[in-house]
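To keep things clear, I will list the structure first and then write my remarks on it.
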Amino acid sequence: MATPERIDDVLQHNLEAQYETLAASLRHEVISNALISNLTAMKKLELNELIKMAKSSYIPTLLDLAAKIEKVDAAVCTLTLGMYGLCADCEEEIEADDLLKDPAQPRCRACREHSRYHHDD
Ligand SMILES: [Zn+2]
């Protein structure tokens, strides 16, 4: 009997795809900003070392990418723990619609509203 494709599988796939895309962009930006001069040297580096490098570069594009990757990476971690899709604050399920838009969304709608109200962003 064939297993129907579940929303979780779709979301997991989206998340992994997003992670790959961001990692590729980061490698590309590290090279184009000449943080590393040669491809061979870069290929030896772990992604987290590239993230560290990006963060200490103070180049907006790289800072932005590093922040995005860290967010996606945190979501990948919750996937490993079997906690994916649960709100980081209240542990309720995050709305599937929101996860489809942003697979790395760490919070449910209610908690996001709450934090927006408090931090005014
Ligand atoms: Zn919540």
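Computed from the coordinates by the stated procedures, all read-outs in this text should not be read as laboratory data. Remember, predicted model here, so these are calculated numbers, not experimental data. As a convention, Cβ positions derive from the backbone with ideal geometry for all residues, glycine included, and neighbour counts pool all protein chains shown.
Our estimate of slack between residue 7 and residue 49, defined as 0.36 nm per intervening residue step minus the Cα-Cα distance, is 11.8 nm. Dipole magnitude for the chain: computed about the Cα centre from +1 point charges on Lys and Arg Cβ and -1 point charges on Asp and Glu Cβ, it is near 660 debye.
In this label model, residue 17 and residue 109 are separated by 2.4 nm, measuring between points 7 Å along each Cα→Cβ vector. Classify the chain as rounded, prolate or oblate from the Cα gyration tensor: take a ≥ b ≥ c as the square roots of its eigenvalues, call it rounded if a/c is under 1.5, otherwise prolate when a/b beats b/c and oblate if not. Oblate. Using the Cβ-Cβ distance between residue 56 and residue 24 with R0 set to 22 Å, the FRET efficiency works out to roughly 0.60.
Backbone phi angles across the stretch 95-100, fed through the Karplus curve with coefficients 6.51, -1.76 and 1.60 (θ = phi - 60°), yield HN-Hα couplings of 4, 4, 4, 5, 6, 5 Hz in residue order; Gly and Pro are listed as x.
The modelled label-to-label distance for the pair residue 64/residue 31, using points 7 Å beyond Cα in the direction of Cβ, is 2.1 nm. Stretching residue 117 away from residue 83 to a fully extended chain increases their span by 9.6 nm, per 0.36 nm per residue minus the current alpha-carbon distance. Need one word for the stretch 25-76: rounded, prolate or oblate. Basis is the Cα gyration tensor (sqrt eigenvalues a ≥ b ≥ c); a/c below 1.5 gives rounded, then a/b vs b/c decides. Oblate, since a/c reaches 1.5 and b/c is not below a/b.
Put simply, the amide H of residue 86, placed in the peptide plane, has neighbours under 5 Å in 94, leaving out anything fewer than 5 places away on its chain.
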